[in-house]
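*Asks:* Take a look at this one; I'll ask things after.
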Amino acid sequence: MAKRKTKFMCNSCGYESAKWMGRCPGCGEWNTMVEEIEVVTKGPRRTFQHSESTAQKATPITAIEIAEEPRVDTDLNELNRVLGGGIVPGSLVLIGGDPGIGKSTLLLQVSALLANKGQRVLYMSGEESVRQTKLRAERLGVTSSELYIYSETNLELVNEAIDSVEPKFVIIDSIQTVHHPEVTSAPGSVSQVRECTAELMRIAKTKNIAIFLVGHVTKEGQIAGPRLLEHMVDTVLYFEGERHHTYRILRSQKNRFGSTNEIAIFEMLQGGLKEVLNPSELFLQERSQGAAGSTVVASMEGTRPILVEIQALVTPTSFNYPKRMASGLDQNRVQLLMAVLEKRMGMLLQTQDAYIKVAGGVKLDEPAIDLAVLTTIVSSYKDVAVSVHDCFIGEVGLTGEVRRVSRVEQRVQEAAKLGFKRAIIPASNLGGWDFPEGIRVIGVESVNDALKEAFPNS
């Protein structure tokens, strides 16, 4: 008779313990231990093999022959950019995001686009019935006989369905609902998610099938289940967005076949997700003309420059300790830049509250935005507007110098394309490239020089 054994596992790292602990000894996270019941049977437990049953020999790297495998185009250029140029055959892609953000809609839309091109796609849903998926597909206008719908949560039956259909692409919605009958714990637990992902990875690599996994997220925004899941897959994509806006941002967190930190912007409409081809225009379309406390910065998101408006509001404080609030950028960076203004420029900001916001809901974390943030703080403090045709790029050091940034040529070209007349950049970035037509490029060495250019009359 099989013996039942209780154990505790960490949701973050998979650490096993015989008793419950408040803090995991493996990763140091609090309140991540969950109870699992393991059925212990006699005999060796079968493990999942990543390779075929036949034994393989080690081969010298010079003797391995490879053929250039073309990526599959999805007809969604934004998604292709995030994936690194298209879908790689045999890759395992994990897409996470909040409930109702549009993960299933995006993947069903991609499935339809691939099926229309003659590629066979298997859409496996563990959360919806076949009829419910069909209703959603009709709303998106999906009509293709190459798209197969299957509603199942048993991994062995899913494997049989893959063998019988022989698809080129498989979508699993979601990985937390799939269970393997040999693993005794409940679906969504650490063991189940780990073993199911390992099995799906084996299927993807051995049969050269691209598999997309949908992963649910926790309250903190991390993908639910063990962190090991993100390490196992080839690509991790996060689907972000606010409930009050129709725009969604697809961000690449990890990619073995392309650059990370790439973003794609979609608009959620009645007929599905529509790609936004010019995000800079989107972020600047509601910009107030001639208002104090507003500057534009050319920020890099992956390999693409995006122009974003940074707003500041500096008001006299009514408390002993002034407030510093930042939305869309690091609050510590704001405090650092205000300290530079106090020390190097002699501005008395100790009696001022400062509120900084990146318009459009995008998050900026690169150092090239320093000069724009500093200028917008000064603009609001002096109540003097910056010219609407100015764009600011540069990193600010603690001694008040403006330091060089990467890819300045692409940033200035993007600013020129959107009609900006001046670009204020670090002086060390001036040489070695041609300036675009219609824009005047000014190099500055210090914060003092930059502020003289931004506010010539004050």
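*Asks:* Only one of (1) in a strand (DSSP E or B); (2) in contact with a Leu (Cβ under 7 Å, 6 or more places away or on another chain) fails for residue 283. Which number is that?
*Replies:* Here residue 283 meets the rest and fails (1).
*Asks:* Another question, then. When you go through (1) under 26 Å from residue 303 (Cα atoms); (2) part of a loop (DSSP other than H, G, I, E, B) one by one for residue 457, which number turns out not to apply?
*Replies:* Every condition holds for residue 457 apart from (1).
*Asks:* Among the residues of the stretch 1-34, how many are surrounded by fewer than 17 Cβ atoms within 10 Å (Cβ to Cβ) and under 31 Å from the mean Cα position of the chain (by Cα)?
*Replies:* Matching residues across the stretch 1-34 total 11.
*Asks:* Which number in (1) within 17 Å of the chain's Cα centre (by Cα); (2) within 22 Å of residue 133 (Cβ to Cβ) marks the one condition that residue 85 misses?
*Replies:* (2)
*Asks:* Whether any residue in the stretch 193-203 is outside the structural domain of residue 10 (by TED's automatic domain parsing), surrounded by fewer than 20 Cβ atoms within 10 Å (Cβ to Cβ), in contact with an Asp or Glu (Cβ under 7 Å, 6 or more places away or on another chain) and in contact (Cβ under 8 Å) with a residue 60 or more places away in the chain is what I want to check.
*Replies:* no
*Asks:* Being assigned to a loop (DSSP other than H, G, I, E, B) and free of Cβ contacts under 8 Å to residues at least 60 places away in the same chain is the filter here; which residues of the stretch 72-113 pass it? If you could, list the steps in order and put the result at the bottom.
*Replies:* Quick first cut of the stretch 72-113, residues assigned to a loop (DSSP other than H, G, I, E, B) only: 73-76, 84-86, 88-91, 98-102.
Of everything in the stretch 72-113, those that are assigned to a loop (DSSP other than H, G, I, E, B) and free of Cβ contacts under 8 Å to residues at least 60 places away in the same chain turn out to be 73, 74, 75, 86.
*Asks:* Here is a follow-up. So which of 110, 130, 121 ends up being within 23 Å of the chain's Cα centre (by Cα) and either not assigned by TED's automatic domain parsing to the domain that holds residue 200 or not basic (Lys, Arg) (or both)? Write out each step before concluding.
*Replies:* Working: 130 fails: within 23 Å of the chain's Cα centre (by Cα); 121 fails: within 23 Å of the chain's Cα centre (by Cα).
So the residue among 110, 130, 121 that is within 23 Å of the chain's Cα centre (by Cα) and either not assigned by TED's automatic domain parsing to the domain that holds residue 200 or not basic (Lys, Arg) (or both) is 110.
*Asks:* Can you give me the number of residues within the stretch 340-352 that are under 15 Å from residue 395 (Cα atoms) and surrounded by fewer than 13 Cβ atoms within 10 Å (Cβ to Cβ)? Give the steps one after another, and end with the answer.
*Replies:* Restricting attention to the stretch 340-352, the residues satisfying the condition of being under 15 Å from residue 395 (Cα atoms) are 340-341.
Keeping just the survivors that are surrounded by fewer than 13 Cβ atoms within 10 Å (Cβ to Cβ) gives none.
Of the residues in the stretch 340-352, 0 are under 15 Å from residue 395 (Cα atoms) and surrounded by fewer than 13 Cβ atoms within 10 Å (Cβ to Cβ).
*Asks:* Right, another one. Read through the list (1) buried (at least 24 other Cβ atoms within 10 Å of the Cβ); (2) part of a loop (DSSP other than H, G, I, E, B), then give the number of the only condition that residue 123 fails.
*Replies:* With (1) buried (at least 24 other Cβ atoms within 10 Å of the Cβ); (2) part of a loop (DSSP other than H, G, I, E, B) applied to residue 123, the lone miss is (2).
*Asks:* Now a separate question. Suppose the filter is more than 31 Å from the chain's Cα centre (by Cα), closer than 17 Å to residue 442 by Cα and surrounded by fewer than 24 Cβ atoms within 10 Å (Cβ to Cβ); does residue 419 pass it?
*Replies:* On the way: more than 31 Å from the chain's Cα centre (by Cα): no; closer than 17 Å to residue 442 by Cα: yes; surrounded by fewer than 24 Cβ atoms within 10 Å (Cβ to Cβ): yes.
Against the criterion (more than 31 Å from the chain's Cα centre (by Cα), closer than 17 Å to residue 442 by Cα and surrounded by fewer than 24 Cβ atoms within 10 Å (Cβ to Cβ)), residue 419 does not qualify.
The values are calculated or read from the model by the stated rules, or taken from the named source; none is laboratory data. From a predicted model like this one, the values you see are computed outputs, not experimental measurements. Cβ sites come from the backbone with ideal geometry, for glycine too, and all protein chains shown count toward neighbours.
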